Amino acid sequence: MSQTVAYIGLGSNLGDRKNFIDKALRSLRETPNVSLIQSSNTIETKPLDNTNQPTYLNCVAEIKTTMSAEELHQQLIRIETELGRQRKEKWGPRTIDLDLLLFGEEIINTVSLAIPHPQMHLRSFVLKGLRQLNPRILHPVLNETVEVLADRLNGENFVLRPDYPQIISLAGNIGAGKTTLAKKIAAILSCEIILEAYDTNPYLARVYAGNRDLALDSQLYFLTSRLEQLSPASLEKGRPVVTDYLFQKEQIYAKLLLNVEQLTLYQKVYSLVSPGVTSPVVVIHLQDSPKLCLERIHRRNRPYEQRIETGFLETIDAGYEQLLSNWKTCPVFRLPDFDCFDEDAVKSLTHQLKYYI
């Protein structure tokens, strides 16, 4: 009979956690029609959703089996029961947890079983284990490697929150294509789009023309408009909305455009305003070279942008990289050299986004 390679996530946060993990691996090894190939290192993980319970030990096991996915699933339940697992609450403490993450390339959605595991792409403790075993493992629904999926999380673990506004924020340099891509994603999702208010900013053109005395006025205009756009009262819970900017980028531009006195005042206002802004549930970072961005800026020919130079864009680019390199608020899709006019690429991206919102 043919064998299928499957991956199982193991976790324990009650009693002798390491012993329970070891016993579960031993039980897998002794299960008929199952060959335990290897297991990842064991790592310590905080409980999901910051619930008040002990921390977990987690690892991932790779097996081969001649069983069906449903048969294997039943064997995992058997092992959990034998090791004292009690099913009282979602994400509650447990002696052992065995999740069937992947079963070959199969996609299964039944009442009792969903494969791939529905939220494995949001769990660093799962993706780290899979990455250690084989970084080229391909998620059969998202069609991305576990290496790419892990990089989106910056080591964090996330849960879907349907009671929050589902903001998808575009980040990237001037001329990277944020507005173009935001409009295309919003059209596919049939959802609201919130655009940066640069056309109505009465100070922006003069600031870009060299009048830095108005830089604080321009930044405060953007700050107040974004607060109005992204306040919880302006957004519907559970509904996706796409923005062509990331609110936190304000600090990048403020440090670039404001003098010391202006920046001090601005940061005081920012600290008062920022808690009232709704955070995104996913960020898309368009990573294009400053040179290419400058070419696009010249092609679109907005008069107030024509004095922008490469050095200015290089500073913005570095600011985004610093901001998002250790971003912990939500997953970050990093898209180097993404073609916003490639309809298939945009559709593929939007398909993936549906699993993060």
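The values are calculated or read from the model by the stated rules, or taken from the named source; none is laboratory data. Only a predicted model underlies this, so the values are computations on that prediction, with no experimental measurement involved. With ideal geometry, Cβ positions are generated from the backbone for all residues, glycine too; neighbour counts draw on all protein chains shown.
Of P331, P275, P280, P290, which residue is over 21 Å from G155 (Cα atoms), within 27 Å of the chain's Cα centre (by Cα) and surrounded by 14 or more Cβ atoms within 10 Å (Cβ to Cβ)?
P290
Looking for whichever is of a type in the set (V, I, T) and at pLDDT 95 or above here; the options are I308, I252. Which one fits?
Within the list I308, I252, the selection yields I252.
Please go through segment 104-128 and pick out each residue that is part of a loop (DSSP other than H, G, I, E, B) and not charged (D, E, K, R).
Within segment 104-128, G104, I107, T110, V111, S112, L113, P116, H117, P118, Q119 meet the criteria.
Each row is one residue, and each column tells you yes or no for (1) touching a Ser or Thr at 6+ places or on another chain (Cβ under 8 Å); (2) closer than 25 Å to T310 by Cα; (3) surrounded by fewer than 16 Cβ atoms within 10 Å (Cβ to Cβ).
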position	(1), (2), (3)
P165	yes, no, no
I188	yes, no, no
L195	yes, yes, no
A215	no, yes, no
Q219	no, yes, no
S234	no, no, yes
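Would you call L335 touching a residue at least 12 places away in the same chain (Cβ under 8 Å), in contact with a Cys (Cβ under 9 Å, 6 or more places away or on another chain) and not β-branched (V, I, T)?
No: the conditions fail for L335.
Does S39 satisfy the condition of being in contact with a strand residue (DSSP E or B) (Cβ under 9 Å, 6 or more places away or on another chain) and within 23 Å of A114 (Cα to Cα)?
Yes.
How many of the residues making up segment 308-357 are assigned to a helix (DSSP H, G or I) and charged (D, E, K, R)?
Result for segment 308-357: 6.
Could you say whether any residue in segment 129-144 is within 23 Å of E30 (Cβ to Cβ) and not in a loop (DSSP other than H, G, I, E, B)?
Yes, that holds for at least one residue.
Hey, does segment 37-51 have a residue that's farther than 21 Å from K128 by Cα and either surrounded by 21 or more Cβ atoms within 10 Å (Cβ to Cβ) or within 25 Å of the chain's Cα centre (by Cα) (or both)?
So far as segment 37-51 goes, yes, one or more of its residues are farther than 21 Å from K128 by Cα and either surrounded by 21 or more Cβ atoms within 10 Å (Cβ to Cβ) or within 25 Å of the chain's Cα centre (by Cα) (or both).
Which residues, counting only those in segment 184-205, are touching a residue at least 40 places away in the same chain (Cβ under 8 Å) and either assigned to a helix (DSSP H, G or I) or in contact with a Cys (Cβ under 9 Å, 6 or more places away or on another chain) (or both)?
Selection gives K184, I185, A186, I188, L189, L204, A205.
Could you tell me which of the residues G129, G92 is surrounded by fewer than 22 Cβ atoms within 10 Å (Cβ to Cβ) and either over 19 Å from V282 (Cβ atoms) or at pLDDT below 95 (or both)?
Selected residue: G92, the only one of G129, G92 that is surrounded by fewer than 22 Cβ atoms within 10 Å (Cβ to Cβ) and either over 19 Å from V282 (Cβ atoms) or at pLDDT below 95 (or both).
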